[in-house]
Each structure stands twice: as C-alpha cells, then as structure tokens.
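Participant: Take this structure, written in structure tokens, and hold onto it; I'll ask about it next.
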Amino acid sequence: MTQNKSNKTKPAIPRRVRMAIHIALVIGAIAGGWFIFEKNYARYLWVRNWGVVEEGRFYRSALPETRLIRKTMVDNSITRIINLQGWDPDNPKQVAQKQLLAELGIKEIRFPMKGNGTPRKGNPDDSQTPKGQRRRAEVYANAIEAMVTELADGQVVWIQCGAGTHRTGGTIACFRMLVQQWPADKAYAELQSHGWTPRKHRALTDWINSHMLLIAEGLVARGVIDSVPDPLPHLGPVRDGEPPLITNAPPANPS
C-alpha cells in the first residue's frame, strides 16, 4: 500500500529580513569596491596620506605619484622638502621629484629611516649600545631641528616618506609633543589617523618611547627646546613588556 507524502514548503523569508540582506550585500559591495579603489588606484588621483601640520606652512604625506608632484608643490606653494627615505635612483617617483626640485630651485633635506619609522644610522650591530642608541635618537632630533629651522625661516615645508605613516608619523608625533607641547594622547590620535595601528606597528611607538629622553636631550643640545619635559611624554598607552626608557647613553653630540 502506497502512502502519499505531503510536500512541505520552506517558510518564506520575511520581507524585512530580505531587505536587510540586500542592503548588507550592497553595502559590502560598495565597501569592497572602495577598498580596492583606495588600495590600487586612489594614489594616482590624490596624494596619499596628505595632512596639514600647520595650515599654509607645513604639510605631510607619502611620496606622491610622479604626475601629482608638480601640482601639489605649486598648489601649496612648497619651498622646502624634508624626506625621510634613503635615496633610491631606481625609484621613478624619487627621480622625478629630484628633477623637479632642481628645475624649481627647491632644496630637499634627507634623514633616512627604516620603513617602520625607526632610524638607520651607523653599524646595525651597535643599535643596543649607548653610543648607537644616541646616534639613532639624533636622527629624529636632526629631522625635528630641520622642521623648526625651515619654518622659522619662512619656508613652506612638506615632509614625506614612502607611505606617510611611520617615518613621517613618528617624527611629527615627536615634534607635536616636544616642540609644540601637545598632549601625548592628541599626538597618538593623529598618528593613528594616518594609518598607524598598534596591533601591527608597535615597533615605532616602542622605539620612540624608549628613546624619548635621548630625543628630547638632543633637541635641548640643538637649542630647539629649552629643557627636557618633566614628565616626559609617552606616546600611546603604557603596556606590559615595552622597552624601558633609555637613560644611560653618553651626552648628545649634534651633527
């Protein structure tokens, strides 16, 4: 004897749920498209990580694409470049910018740093010796001194690095805290607003905080600031296991 089984239909998805799913898919598609555009194409339309340090006087960014260099310099009346990258003759953007600066008679000052924003100076093997620690701190002190000197001279300054995040971000954070006397939490927020994240890039803030006294002493020795701040600023939250403050390096020797 055969028994007929009734066909069971799946319950219909409520209209509101379907609408929410559609909206979520549209938002996801837009967000994904914007991420792809921002990562791969936006830098050809505008300067990546552009920021105003002081309106009309001081700007920051990544090294721009070749087609944007002249326009950015002219539009913002740039008269001085501070570059935190090492010179690379195989980098077409660096070559194009150097040629344009020569054409316009604009000076470029370089303070080469590693991509993570920590200085490269001298023999890597001595980075943990007091002398090596002092030399690396002086890279930051020299860059900040150049900012202050060029601004005081009436120059319109543009500071750059590869991405405008770590090298530029760390140097500007120290300038904000030690020269402009910004609260450390405000400088930390600005650092994050230009793409730095504590989860991936903690080496930068660890280095700055452990070398803060040496950087401040270097600025005092150069006449950039009157005295070492007391208490010293600390960039970002204090955390367990971070490197200690370096206090045993020999006296500063400005170069």
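Just so it is clear, none of the values below were taken in a lab; they were calculated from the coordinates. Not measured: the values here are computed from a predicted model. Here the Cβ positions follow ideal geometry from the backbone for every residue, glycine too, while neighbour counts run over all protein chains shown.
Participant: Between residue 203 and residue 21, what length in nm is gained on full extension when 0.36 nm per residue of separation is reduced by their alpha carbon distance?
Facilitator: In short, 61.4 nm is gained.
Participant: Here's something else I'd like to know. Full-extension gain between residue 67 and residue 98, please, as 0.36 nm times their residue separation minus the C-alpha to C-alpha distance.
Facilitator: Full extension of this stretch gives 9.8 nm more.
Participant: A follow-up question, please. Testing the spin-label approximation: label points 7 Å from Cα along Cα→Cβ at residue 108 and residue 193. State their distance in nm.
Facilitator: Going by the 7 Å Cα→Cβ label model, 2.8 nm.
Participant: On to the next question. Going by amide H atoms built from the backbone, whose H comes under 5 Å of the H on residue 53, apart from near neighbours?
Facilitator: 58, 59, 60
Participant: While we're on this one: At a 10 angstrom cut-off on C-beta neighbours, averaged per residue, how do the peptides 169-179, 110-120 rank from highest to lowest?
Facilitator: Per-residue Cβ counts within 10 Å, averaged per peptide and sorted highest first, yield 169-179, 110-120.
Participant: If you don't mind, there's one more thing I want to ask. Can you compute the FRET efficiency between residue 226 and residue 248 using 1/(1 + (r/R0)^6), with r the Cβ-Cβ distance and R0 = 25 Å? Round to the nearest 0.05.
Facilitator: About 0.60, to the nearest 0.05.
Participant: How many angstrom lie between the Cα centre of the range 170-233 and the Cα centre of the range 86-105?
Facilitator: 29
Participant: Once phi is turned into θ = phi - 60°, what whole-Hz ³J(HN,Hα) does the Karplus curve with 6.51, -1.76 and 1.60 give for every residue of the range 171-179, x standing for Gly and Pro?
Facilitator: 5, 5, 4, 5, 4, 4, 6, 8, 9
Participant: Report the relative contact order of the range 145-206, percent, no decimals, based on alpha-carbon pairs under 8 angstrom and at least 6 residues apart.
Facilitator: Here the relative contact order equals 29 percent.
Participant: Now for a different question. Apply the Karplus parameterisation 6.51 cos²θ - 1.76 cosθ + 1.60, with θ equal to phi minus 60°, to every residue of the range 131-137 and state each ³J(HN,Hα) to the nearest whole Hz, in sequence, with x for glycine and proline.
Facilitator: Coupling constants for the range 131-137: 5, x, 5, 5, 4, 5, 4 Hz.
Participant: For the ranges 233-246, 184-197, what's the packing order if you count other beta-carbon atoms within 10 Å of each residue, average per peptide, and put the highest first?
Facilitator: Ranked by mean Cβ neighbours within 10 Å, highest first: 184-197, 233-246.
Participant: Right, something else. For a quick check: with amide H placed at 1.01 Å from N, whose amide H comes under 5 Å from residue 109's, ignoring anything fewer than 5 positions away on the same chain?
Facilitator: Long-range HN contacts for residue 109: 81, 82, 83.
Participant: Follow-up. Got a sec to turn the phi values of the range 80-87 into Karplus ³J(HN,Hα) couplings, 6.51 cos²θ - 1.76 cosθ + 1.60 with θ = phi - 60°, whole Hz, x for Gly and Pro?
Facilitator: Running phi through 6.51 cos²θ - 1.76 cosθ + 1.60 with θ = phi - 60° gives 8, 10, 10, 10, 9, 9, x, 6 Hz.
Participant: Net charge within 11 Å of residue 53 by Cβ-Cβ distance, Lys/Arg positive one each and Asp/Glu negative one each, not counting residue 53 itself?
Facilitator: 0
Participant: Another question, then. With Cβ to Cβ distances under 12 Å as the rule, what net charge do the other residues near residue 235 carry (K, R +1; D, E -1)?
Facilitator: Residues close to residue 235 contribute a combined charge of 0.
Participant: Quick one: pull the percentage of alpha-carbon pairs in the range 49-221 with a separation above 28 Å.
Facilitator: Counting every Cα pair in the range 49-221, those more than 28 Å apart make up 19 percent.
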